[in-house]
Amino acid sequence: MKFKVSSRFAAFFFIAALAFSVRLAAQNATAPQPAHYRVIDLGTLGGPSSAGNAINNIGWVTGFSTDSTGVQLAALWRNQQQVPLGTLGGPSSDVAWPVKNNFGLISGISENGKHDPLNETFSCPAFGFFSGNSCVAFAWQNGQITPLPGLGGNNSVGAGDNDFGQIVGWAENTTLDSTCAGVSAGNGADPPGTQFLQFLATLWQRDLRGNWQVRELPPYPGDPDSAATAINDLGQAVGISGRCDVALGSYSAIHAVLWENGQPINLGTLGGSAWNTPEAINNRGVVVGFDNGPNDVINGQLQFRFLAFIWTQEHGMHSLGTLPGDAMSEATDINDENQIVGVSYSDFQFDNGRAFIYQNGAMTPLNSLIGSASANWDISSTGGINDRGEIAAQANVISNGVVTTVAHAVLLVPRDANDSEAYGETQSFTVPYDVQQQMRRQVRAGHLRLPLDAH
């Protein structure tokens, strides 16, 4: 199935590119300090946790929220209302990647209510799905959730989308892949799981009749498998390419790639062997994500050595570093102003996660930019950032100076210096050991696409 770009779209691309170049020149002329933020609690569906994983330019936040029974559902926050997006028949759903469409189209993943016939785990545990169902990519719009067509296998994932109604992700086909791990107990940073079928990066788009069609985005030459995570309005997609493994990162992400006109381009590495993962691309073609640093294989076992990176066509891939004293980091999103958000960790076990904003060459912890709200919230992870500088994130509730395991989706809204809360005195807090352990498990299970019992 071929997808055509009309002259109207071509004109848009030209105007957009011109606007971006003018904006870049203006940005380079000044170097403003990071704004301070008012923290808005987006709440949950009655359960203990929720997370803001993406935000578009009209302020819609998407992610997940738990209900009173603990079930996790994909959620939308708009106009001060929380909207559960439903499921495709199974118990749980999620929106986990950069959903940027401003016309009501949301992409995600849902369990389908059918036990996986091969007992594969696929990528499902990365999104908090443990029922044994197959998990399937979905599109949601105007209150309707629709399964997206696959490539013949049982599982698929809907990741990022753009303003032209294109959705990217990955899907299984029917090929038994010799590079799959089969049944793997996992070791080091290679997660446990069960996988037999090849999976490929996919691009979904409606045809002229409004029906969803799917096509493959090929792996980097020599690799059998691939997955796409995000796409911009110019149709540039980013993702990973590598071996099948257990479809949970690791050696599935040997190459970080950019698909330009459907062809994969190797973005390079920071010296690591695997876990080389783009998470977002803006409309200037700037890519961010995380990449394993050097010396990431010890005694034959892959280790976690994540470093946030930025890639540009002019300068290639470079590390953003970490917050002072930390060991690892990742970047989760970038807007068209080249503001980057992400998380920095104190060690290689994802402890003491601190959300940050990176701009004008400097990384700043978000907890230092929320003023007196820091008495109530520990901004522990980020999702997305839009062109207004609004940030979708997850924050742990603080009670009497102590961080708790209750974690809510929050929206960080930039404010001027007249906002006494945003520019109030920053408060200190402590994180008990049991809370730190729970936060580590949450990071492994969700935001970094790792299963709960990874080592």
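The values are calculated or read from the model by the stated rules, or taken from the named source; none is laboratory data. The shown structure was predicted, so the numbers you read here are calculated from the model rather than taken from an experiment. Cβ atoms come from the backbone with ideal geometry, glycine included; neighbour counts cover every protein chain shown.
Scanning the range 360-386 for residues that are small (Gly, Ala, Ser) and within 21 Å of the chain's Cα centre (by Cα) returns Ser380, Ser381, Gly383, Gly384. Could you tell me whether Thr194 is part of a strand (DSSP E or B) and more than 20 Å from Ala280 (Cβ to Cβ)? Yes, satisfied.
Residues in the range 327-350 include at least one that is modelled with pLDDT under 95, under 17 Å from the mean Cα position of the chain (by Cα) and over 17 Å from Leu267 (Cα atoms). The residues of the range 120-158 that are surrounded by fewer than 17 Cβ atoms within 10 Å (Cβ to Cβ), over 11 Å from Leu88 (Cβ atoms) and modelled with pLDDT of 95 or more, listed by number, are Gln141, Asn142, Gly143, Gln144, Pro149, Gly152. The residues listed here are Gly86, Gly70; of these, the one that is in a loop (DSSP other than H, G, I, E, B), modelled with pLDDT of 95 or more and surrounded by fewer than 21 Cβ atoms within 10 Å (Cβ to Cβ) is Gly86. Kindly check whether there is at least one residue in the range 63-75 that is within 18 Å of the chain's Cα centre (by Cα) and over 19 Å from Val406 (Cα atoms). No, the conditions are met nowhere in the range 63-75. In the range 387-433, which residue that is of a type in the set (Val, Ile, Thr) and within 19 Å of Asn79 (Cβ to Cβ) is surrounded by the most Cβ atoms within 10 Å (Cβ to Cβ)? Ranking the qualifying residues of the range 387-433, first place goes to Ile391. Being in contact with a Lys or Arg (Cβ under 6 Å, 6 or more places away or on another chain) and either modelled with pLDDT of 90 or more or not polar (S, T, N, Q) (or both) holds for only one residue in Ala422, Ala417, and it is Ala422. If you go through the range 383-402 and keep only what is touching a helix residue (DSSP H, G or I) at 6+ places or on another chain (Cβ under 9 Å) and closer than 11 Å to Ile334 by Cα, you end up with Gly383, Ile391.
For (1) under 15 Å from Leu176 (Cα atoms); (2) among the hydroxyl-bearing types (Ser, Thr, Tyr); (3) touching a Cys at 6+ places or on another chain (Cβ under 8 Å), each residue gets a yes or a no:
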{"position": "Pro117", "(1), (2), (3)": "yes, no, no"}
{"position": "Phe122", "(1), (2), (3)": "yes, no, yes"}
{"position": "Gly128", "(1), (2), (3)": "no, no, no"}
{"position": "Ala137", "(1), (2), (3)": "no, no, no"}
{"position": "Gly143", "(1), (2), (3)": "no, no, no"}
{"position": "Asn154", "(1), (2), (3)": "yes, no, no"}
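Going by the conditions given, is Ser368 assigned to a strand (DSSP E or B) and either touching a Phe, Trp or Tyr at 6+ places or on another chain (Cβ under 7 Å) or not hydrophobic (A, V, I, L, M, F, W, C) (or both)? It is false that Ser368 is assigned to a strand (DSSP E or B) and either touching a Phe, Trp or Tyr at 6+ places or on another chain (Cβ under 7 Å) or not hydrophobic (A, V, I, L, M, F, W, C) (or both). Within the range 50-62, residues that are more than 14 Å from Asp333 (Cβ to Cβ) reach partners that are of a type outside the set (S, T, N, Q) and buried (at least 24 other Cβ atoms within 10 Å of the Cβ) with beta carbons closer than 6 Å, at six or more positions or on different chains, in the pairs Ser50/Ala409.
In the range 429-445, the residues that are at pLDDT below 80 reach residues that are among the β-branched types (Val, Ile, Thr) with C-beta atoms within less than 6 angstrom, at least six apart or across chains, in these pairs: Gln438/Thr405.
Of the strands (runs of 3 or more DSSP E) that lie entirely inside the range 105-179, those containing 3 or more residues that are closer than 22 Å to Pro218 by Cβ and not acidic (Asp, Glu) span 156-161, 167-176. Of the residues making up the range 228-244, not a single one is of a type outside the set (D, E, K, R), within 21 Å of Ser273 (Cα to Cα), out of contact with any helix residue (DSSP H, G or I) (no Cβ under 9 Å at 6 or more places or on another chain) and assigned to a loop (DSSP other than H, G, I, E, B). Taken together, the residues in the range 109-150 that are over 20 Å from the mean Cα position of the chain (by Cα) and of a type in the set (Val, Ile, Thr) amount to 2. Among the residues of the range 260-309, those identified as out of contact with any helix residue (DSSP H, G or I) (no Cβ under 8 Å at 6 or more places or on another chain), of a type in the set (D, E, K, R) and in a loop (DSSP other than H, G, I, E, B) are Asp296, Arg305.
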